[in-house]
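A.B. asks: Dropping a structure here in structure tokens format, bear with me for questions.
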Amino acid sequence: MTMTVAQIQSALSREFTTLEFARSEFPMLTAWGVRDESVGVHSLGFNYLAALGRHLGFWAATEFPIRVGNTFVRPDFVWWSKEDQKVKLIGEFERFESGQQTKLVDKAKNLILSYESLNHDPHVMVLVPWTLAGTNLVGNETARSVAYNGFRGPDGRMISGIGTDASFVLAHAIFGRTSEHVRLLEVQL
């Protein structure tokens with residue numbers, strides 16, 4: 001049975017509140033810690049979110065290309081329904097530091113362009129900025145606003161937001177530093 005948008009949101013909320021799946025299947029994120037170098041945290045983060053999709057009964061892949069006009073956007077993780085073979089969720093797991101609100105807005109725009117390109121099939125878009133504890137998260141709501149209300153594309157065309165037709169989840173993954181490693185402490189919705 002295909003999960004509804006509400007069921008997907010509930011499953012994400014439950015996981016982000018408890019980190020039960022992350023602790024069980026990705027201890028390097030939650031317990032062991034990982035060096036904050038190259039794209040190690042990024043790679044583990046989006047693989048965790050793809051694996052969560054598989055755990056919930058979806059087909060899931062990482063960095064799957066979606067054609068948007070004459071180019072491609074590669075969301076970090078994509079979930080498909082096994083029943084109807086449609087994309088149900090697309091998401092990004094992105095490093096964030098204070099003052100990088102534009103970076104998150106650009107990621108939200110890419111998710112909405114992918115949503116539009118996929119004929120509005122993915123009913124859930126997820127943006128998970130990851131940051132170190134203590135980072136100022138003020139201003140990130142602009143990304144949510146772009147997702148729901150739309151934006152003007154590079155060609156001047158107005159790109160509609162998702163309105164009430166889909167869901168945009170903005171969840172902040174907060175990491176703590178221990179000596180030379182970082183580990184996931186919590187995910188704030």
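A.B. asks: Report yes if G161 is surrounded by 17 or more Cβ atoms within 10 Å (Cβ to Cβ) and modelled with pLDDT under 95, otherwise no.
C.D. replies: Yes; evaluated as a whole, the condition is true for this residue.
A.B. asks: To continue, here is another question. Check the range 83-102 and report whether any residue there is assigned to a helix (DSSP H, G or I) and closer than 30 Å to E180 by Cβ.
C.D. replies: yes
A.B. asks: Going through the range 89-120 one residue at a time, which ones are surrounded by 18 or more Cβ atoms within 10 Å (Cβ to Cβ) and among the acidic types (D, E)?
C.D. replies: Of everything in the range 89-120, those that are surrounded by 18 or more Cβ atoms within 10 Å (Cβ to Cβ) and among the acidic types (D, E) turn out to be E92, E94.
A.B. asks: Residues being outside any helix (DSSP H, G or I), over 23 Å from K88 (Cβ atoms) and under 17 Å from the mean Cα position of the chain (by Cα): count how many of those fall in the range 133-173. Working first, answer last.
C.D. replies: The first filter runs over the range 133-173 and keeps only residues outside any helix (DSSP H, G or I), leaving 133-140, 150-173.
Okay, now just the ones that are also over 23 Å from K88 (Cβ atoms), so 133-140, 151-158.
Add one more test, that the residue is under 17 Å from the mean Cα position of the chain (by Cα), and what stays is 137, 140.
Count: 2.
A.B. asks: Quick check, is G176 touching a Phe, Trp or Tyr at 6+ places or on another chain (Cβ under 9 Å) and surrounded by fewer than 19 Cβ atoms within 10 Å (Cβ to Cβ)?
C.D. replies: no
A.B. asks: Let me ask another. Can you find a residue that is touching a Gly at 6+ places or on another chain (Cβ under 9 Å), modelled with pLDDT of 90 or more and not aromatic (F, W, Y) anywhere in the range 135-144?
C.D. replies: Taking every residue of the range 135-144 in turn, none turns out to be touching a Gly at 6+ places or on another chain (Cβ under 9 Å), modelled with pLDDT of 90 or more and not aromatic (F, W, Y).
A.B. asks: Here is a follow-up. Could you please let me know if S81 is within 15 Å of H123 (Cβ to Cβ), more than 16 Å from the chain's Cα centre (by Cα) and small (G, A, S)?
C.D. replies: Answer is yes for this residue.
The values are calculated or read from the model by the stated rules, or taken from the named source; none is laboratory data. What you are looking at is a predicted structure, and each value in this text was computed from that prediction instead of being measured. Methodologically, a virtual Cβ is constructed for each residue, glycine included, from the backbone with ideal geometry; neighbour enumeration extends over all protein chains shown.
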